[in-house]
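Below is one structure; the comments refer to it alone.
The numbers here are math on the coordinates, done by the rules we state, and not lab data. Computed from a prediction, not measured in an experiment: that's the story for all the values here. Please note: Cβ atoms are built from the backbone with ideal geometry, for glycine as well, and neighbour counts cover all protein chains shown.
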Amino acid sequence: MPFGVPGTSLKAWQGSHALSQVPGISVEQLLPAGARLVVAAPHPDDEVLACGGLLASLASRVADITLISVTDGDGSHPGSAQWPPARLRDERRRESTRALTRLGFDTRRLAWRHLALPDGKVRDHAQALREHLLHEVREGDRLLATWRGDGHCDHEALGEVAAEVAQVRGAVLVEAPVWAWHWAHPEDPRLPWSRARKLWLGTQALERKHWAIGEHATQLAGDTSTGAPPVLNSTTLERLLQPFELVFL
């Protein structure tokens, strides 16, 4: 998530009237007993950034959860000698495994699909993505994906396909913003405030989310071969480690 400017600060978001008026939702309301959660993440780490607290809260319900990694995130370090695509792909899968373990999962028991679509080109492979999601999603499922207006091509392409699939399958679409915390302003009318809900996180869930983000070392350190700054800088992490996760229903 490299940006040339810091973006909207956590302090600005904390002063948002629109955000303060968003009603809360519980884990049980979001995923009632007997329901399944299908989480589709455009890149490794997006499942943690978008809904790591929710996943940590549901680690005991591993049988109810399917995780779909749409790409391997091997485009996050363009032109890098330190992290060429093949090495980066393998390392980011290892990071995700460690992160999910930090959230409380035994990844050997987790239904986890790797689609390996090209990073940065999800829209070009929308039909393949649609077919995969149609195969995984059932009526009544909660399908959680990145928001259709999130401001990143892969996030938006996934969100659009997820919305189509949810409608076809009779699933409940849950959209989560990730990039929007950066570019949106505190009262931004482009955000669908009327559909927004805050999932408040317990201390343990928030702590596990923090630990899980820490496993994504390739995104937290600068690139020594290109001089590129960290993909996830301190300002980005502050915004994504608030005591709640925002979803649009």
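Put simply, the amide H of Leu144, placed in the peptide plane, has neighbours under 5 Å in Val38, Val39, Ala40, Val174, leaving out anything fewer than 5 places away on its chain. Give the Debye-formula value of log10 I(q)/I(0) at each listed q (0.22, 0.23 Å⁻¹), with one equal scatterer per alpha carbon of segment 150-249, two decimals each. Evaluating at q = 0.22, 0.23 Å⁻¹ gives log10 I(q)/I(0) of -1.30, -1.33. Straight-line cross-link reach from Lys11 at under 21 Å between alpha-carbon atoms covers these lysines, not counting any fewer than eight positions away in the same chain: Lys198, Lys209.
For the chain, taking the reciprocal of the average inverse distance between every pair of different Cα atoms yields a Kirkwood hydrodynamic radius of 18.1 Å. Rg and Dmax of segment 19-163, both derived from C-alpha coordinates alone, stand at 15.4, 48 Å.
Residues Asp124, Asp72, ranked from the fewest to the most other C-beta atoms within 10 Å, line up as Asp124, Asp72.
Going from the alpha-carbon gyration tensor of segment 82-123, what semi-axes, largest first and in whole Å, does one get by taking the root of 5 times each eigenvalue?
22, 14, 8
Compactness of segment 1-50 was expressed as the Cα radius of gyration divided by 2.2 N^0.38 Å, which yields 1.60. Name the residue farthest towards the positive end of the dipole of segment 49-185 from the options Val168, Trp112, Gly149, assuming +1 on Cβ of Lys and Arg, -1 on Cβ of Asp and Glu, about the Cα centre. Positive-most Cα among the choices belongs to Trp112. In this simple spin-label approximation, Gln14 and Ala221 carry label points 7 Å from Cα along the Cα→Cβ vector, and these lie 3.1 nm apart. Hydrodynamic radius of segment 11-101 by the Kirkwood approach over all distinct alpha-carbon pairs: 15.5 Å. Centre-to-centre separation between the Cα atoms of segment 10-56 and those of segment 111-188: 14 Å.
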